[in-house]
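See structure below.
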Amino acid sequence: MIRRLAILGAAGDLSARYLLPAVARLQAQGQLPAGFAILGIARQPGSDEAFRRQMAERLARHAADLDPAARAAVIGMLRYRQADVSDAEQMAAALQPLDDEALLAYLALPPSVYAPAMRSLSAAGLPAGSRLVIEKPFGQDLASAQALNRLIAEQFGEAAVFRIDHFLGMQTVQNLLGLRFANRVFETLWRAAHVARIEITWEETLALEGRAGYYDASGALLDMIQNHLLQLMCLVAMEVPLSLSARDLRDRKLDVLRAVRRFTPEEVDRYTLRARYGAGRIGARAVPAYAQEPGVDPRRNTETFSQVTCFIDNWRWTGVPFILRTGKALARDRQEIAIHFRPVPHLAFEENEATPNVLRLLLAQERVTLNLNVLGAGDRFYLQEAVLDSPLAESPLPAYSRLLLDALRGDCTLAIRCDEAEEAWRIIEPITRAWQAGRAPLREYPAGSAGPA
Ligand code: NDP
């Protein structure tokens, strides 16, 4: 297991909000090896002491529930070096404190710096056995993702690189595998003959929350659907893998991505939707229109809500819509995968209708529910709805801790492979191109509403 972590971009939001808390949780659970060391690198001047003070304050904010001793232990592991990571000499000098042990270099950097940082790391000559973690977004389009993949193949080799999608680190998401592949009752029905549609929804009440710098250049489609929601769709739609090895799992996910229909501009009009929020209220909170948020350039027409209806053209799924939907500043938080089964072919009950069964995986609540029709009270054959509702095991480790641990151990099962990353762009690029040409015009919805009609 790797014992050296270099965070490139250590002064940023991701590092303080997710990475250091993830390390602290591993520390609290005794999962870090003895002698674990962390080196933060960013451009701002600083010293070990100043960085430790700054991170102690941020860790107390973002991991307040953790044992203070675990937080203090992680702060004690920190060192800091100032460097521009796109400068090979500065990078080599910055890595000096990490001696010659294999290291995990976490690129918590703006995406524009991924390639220069990788070139500098390669020029610095990383110790044998070192690995890289790359955050989303992996490229801005297919060509840039392919260029990054070529660079990785030339300089490090695919096996050394972990493309992170933190949704795959969620225990409830992984539980899709348990539900599907260890229960005959679901897997036999898991196909077009029995399923009417599948909805994958990530809706949140959070608005922009000061992240215009990142979000306004990205938007809902690239921030959520291009990566996270397509990955969830892969787990929902994949064929049964031979094993849960990295190769089998990722081969089957890739099959799904390859089978997703590429849209013509007319299909983009028909099957996609984009909108941004106007002024409104979410509970007691007044939210300004997205276009008025500080740092937003309204002429970019960035969408804060996006819906794409995908079709997977293979034997199992032809004709079944997979509705991927995500939005900000909505009335409620709703994060779920819903499998809507078809109605029964013939209903012998004359009194009333049966509601089609729905299996829901509630991602935030870590629950699974199944809506059924049963007989209601009384002496008539009268149907009413019942819901089977079961909690799923909570993970001892949050998503980032789990994925970080995998990368330190060298287990790439939950990392995105190079071909998956490219295939996702082949699905999304026809949509972004058609949107740029004015297809599926941008709509508006009031903040605090259910989204565009
Ligand atoms: P920030 O802009 O907050 O931080 C970026 C960091 O990179 C800063 O510390 C910046 O420091 C440093 N940096 C930029 N250029 C250089 C350079 N040439 N040399 C050295 N350091 C540099 O971004 P985030 O932390 O929010 O995001 C980082 C990555 O993680 C992005 O790719 C983002 O898409 C991804 N991500 C972020 C999430 C989040 O919630 N924040 C969630 C999921 C993914 P300085 O300018 O001082 O050098």
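We did not get these values from a lab; they are worked out from the coordinates using the rules stated. Predicted model, so just to flag it, every value in this text is computed and none were measured. All Cβ positions, glycine included, derive from the backbone under ideal geometry; neighbour counts span all protein chains shown.
All other residues whose Cβ lies under 12 angstrom from that of Arg332 are scored, Lys and Arg at +1 and Asp and Glu at -1, for a net of -3. Mean separation of Cα pairs under 8 Å and 6 or more residues apart, divided by the residue count, gives region 259-389 a relative contact order of 16 percent. Over all other residues within a Cβ to Cβ distance under 15 Å of Leu103, the charged ones net out to +3, with Lys and Arg as +1 and Asp and Glu as -1. Applying 0.36 nm per residue to the separation of Arg433 and Ser243 and subtracting their alpha-carbon distance, the gain on full extension is 64.6 nm. Taking K and R as +1 and D and E as -1, what net charge do the other residues with C-beta under 13 Å from the C-beta of Gly46 add up to? Residues close to Gly46 contribute a combined charge of +3.
Remark: the Cα gyration tensor places the chain in the prolate category, a/c being 1.5 or greater and a/b exceeding b/c.
Length gained on full extension, Gln146 to Ala364, computed as 0.36 nm times the residue gap minus the Cα-Cα distance: 75.1 nm. Highest average first, the peptides 411-424, 24-37 ordered by how many other beta carbon atoms sit within 10 Å of their residues are 411-424, 24-37.
The label-point distance for Leu375 and Glu444, in a model that sets each label 7 Å from Cα toward Cβ, rounds to 5.6 nm. Going by Cα centres, region 3-38 and region 104-175 are how many Å apart? Going from one Cα centre to the other spans 17 Å. Sorted ascending by nearby beta carbons within 10 Å, beginning with the fewest, Trp190, Trp315 become Trp315, Trp190. Packing around the peptides 175-188, 42-55, 226-239, 253-266, taken as the average count of other Cβ atoms within 10 Å per residue, puts them in this order, highest first: 226-239, 253-266, 42-55, 175-188.
You can think of it this way: the chain between Asn183 and Asp67 has 37.9 nm of extra reach, that is 0.36 nm per residue less the Cα-Cα gap. Which of rounded, prolate, oblate describes region 72-193, given a ≥ b ≥ c as roots of the alpha-carbon gyration tensor eigenvalues and a/c under 1.5 marking rounded, otherwise prolate only if a/b is larger than b/c? Verdict is prolate for region 72-193. Looking at the chain, the DSSP beta bridges with both ends there are about 55 percent antiparallel. Take 84-91, 371-378 and order them by the average number of nearby Cβ atoms within 10 Å per residue, most first; the result is 84-91, 371-378.
Label sites at Asp313 and Gln29, each approximated as a point 7 angstrom past Cα along Cα to Cβ, lie 4.3 nm apart. Judged by the ratio a/c of the largest to the smallest principal axis of the C-alpha gyration tensor, region 1-76 counts as oblate, that ratio being 1.5 or greater while a/b is no larger than b/c. Residues His346, His340 in ascending order of nearby Cβ atoms (within 10 Å, fewest first): His346, His340. Thr355 label point, 7 Å along Cα→Cβ, cut-off 18 Å on backbone N: hits in region 172-204? Flagged as within label range: 196-199.
Across the chain, C-alpha contacts under 8 Å between residues 6 or more apart give a mean separation that, scaled by the residue count, equals a relative contact order of 19 percent.
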